[in-house]
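So the structure is just underneath, and the comments pick up after that.
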Amino acid sequence: MLTGETNKVKRNQLVEDFQNEAVPLFLISLKAGGTGLNLTKASVVIHLDPWWNISAQNQATDRAHRIGQEDTVQVFNLITKNTIEEKILNLQNKKKELSDIFVENSKGSFSSLTKEELLDLFKLE
């Protein structure tokens, strides 16, 4: 298992073993898997513990979508109903909606939101 506490030598060995198909499964913590990995032998990515920031999750997924990848990569998010993970997923979706409005859509603005959506943005829970 690769975590943020794995030293560089062990990290490199774990990656090499996986890439050479010496092991069929590679468990990686989200933060450790978000940078510096090239996992072209991965064909399935399963997120078990969502991060509040979807970009961190996407970076981890992107480790399998690299030059040299020959397989279709399937990505799954396993979320149990009525858990904190489900709430985090909902938060990710809300943040994605806002991003679509304000970042990805250059024509987006507050004027495109309804009164209810604006109030919901600033509501404290």
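See the values below:
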| read-out | value |
| --- | --- |
| Segment 41-65 - residue that is of a type outside the set (S, T, N, Q) and surrounded by fewer than 14 Cβ atoms within 10 Å (Cβ to Cβ) and, of those, farthest from K10 (Cα to Cα) | W52 |
| Criterion violated by Q59 - all others in (1) out of contact with any Asp or Glu (no Cβ under 9 Å at 6 or more places or on another chain); (2) modelled with pLDDT of 90 or more satisfied | (2) |
| Condition met for N38 (part of a loop (DSSP other than H, G, I, E, B), surrounded by 11 or more Cβ atoms within 10 Å (Cβ to Cβ) and not aliphatic (A, V, I, L, M)) | yes |
| Failed condition for I88, given (1) assigned to a loop (DSSP other than H, G, I, E, B); (2) hydrophobic (A, V, I, L, M, F, W, C); (3) in contact with a Pro (Cβ under 9 Å, 6 or more places away or on another chain) | (1) |
| Residue in segment 85-93 that is in contact (Cβ under 8 Å) with a residue 40 or more places away in the chain, in the same structural domain as L121 (by TED's automatic domain parsing), surrounded by 13 or more Cβ atoms within 10 Å (Cβ to Cβ) and under 12 Å from the mean Cα position of the chain (by Cα) present | yes |
| Matching entry among L30, L25 (being in a loop (DSSP other than H, G, I, E, B), closer than 27 Å to K96 by Cβ and outside the structural domain of K95 (by TED's automatic domain parsing)) | L30 |
| Residues that are closer than 23 Å to K95 by Cα and either assigned to a loop (DSSP other than H, G, I, E, B) or basic (K, R) (or both), drawn from segment 41-62 | L48, D49, P50, W51, W52, N53 |
| Test result for A56, of a type outside the set (V, I, T), closer than 30 Å to L119 by Cβ and touching a helix residue (DSSP H, G or I) at 6+ places or on another chain (Cβ under 8 Å) | yes |
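The values are calculated or read from the model by the stated rules, or taken from the named source; none is laboratory data. What you see is a predicted model, and the numbers here were worked out from it, not measured in a lab. Because the Cβ atoms are built from the backbone with ideal geometry, glycine has one as well, and the counts that use them run over all protein chains shown.
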